[in-house]
Amino acid sequence: MLKMSQISTLIVATLASITTIPTVKAAPAETLTVVVNNIRSQKGEICIGVYSQDKAKAFPLSTTDVLKSTCQKITGSTLKHQFTGLKPGNYAVAIVDDQNGDRKLNRDFFGIPTEGFGISKNPTVSVQTGTPKFRDASFALNKNTTINITVKYSLDP
């Protein structure tokens, strides 16, 4: 059985050891603001997908391998959405002007989009260039990063 002085010593020793444990700092959480411009119609919604470097192969067509996503009703020719809690790193964003509510980019028989679409860094999308790769659309996320994406309703010439 411990005596009162031994218990006091044990408590003091425990408290002293707790205060010397190094604290682990979490990686800072960053905010990504996506601004979508050139929206033609007030019908439907804009769907935004954020892809991380480790999901690069899924970019830009997968709707299941996104890090974060949202779909918002269209209320004007511009839409703005903030994604919070992202770790610093490389990301890419793809958007769809989803007119029929199926939350994916509809394409015709030849694979050409039949709905508006957009990709971070606004790369050229044409028959010659094909679907942009992650490396063509990726950007470094720093504190409070804002990107602008212009909706395209046809392929580039």
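The values are calculated or read from the model by the stated rules, or taken from the named source; none is laboratory data. Nothing here was measured: the structure is a model prediction, and the numbers come from that model. All Cβ positions, glycine included, derive from the backbone under ideal geometry; neighbour counts span all protein chains shown.
Quick check on this structure: which one of S41, S77 is in a loop (DSSP other than H, G, I, E, B) and at pLDDT 95 or above? Step by step, each of S41, S77 is checked, and only S77 is in a loop (DSSP other than H, G, I, E, B) and at pLDDT 95 or above. Residues that are among the hydroxyl-bearing types (S, T, Y) and under 30 Å from A29 (Cα atoms) were ranked within the stretch 114-157; the one that is surrounded by the most Cβ atoms within 10 Å (Cβ to Cβ) is S120. Checked against the criterion of being out of contact with any Asp or Glu (no Cβ under 7 Å at 6 or more places or on another chain), polar (S, T, N, Q), touching a residue at least 12 places away in the same chain (Cβ under 8 Å) and over 17 Å from I147 (Cβ atoms), the stretch 110-127 contains not a single residue that satisfies it. Summed over the stretch 70-109, the residues that are closer than 18 Å to T150 by Cα, touching a Gly at 6+ places or on another chain (Cβ under 8 Å) and among the polar types (S, T, N, Q) give a count of 1.
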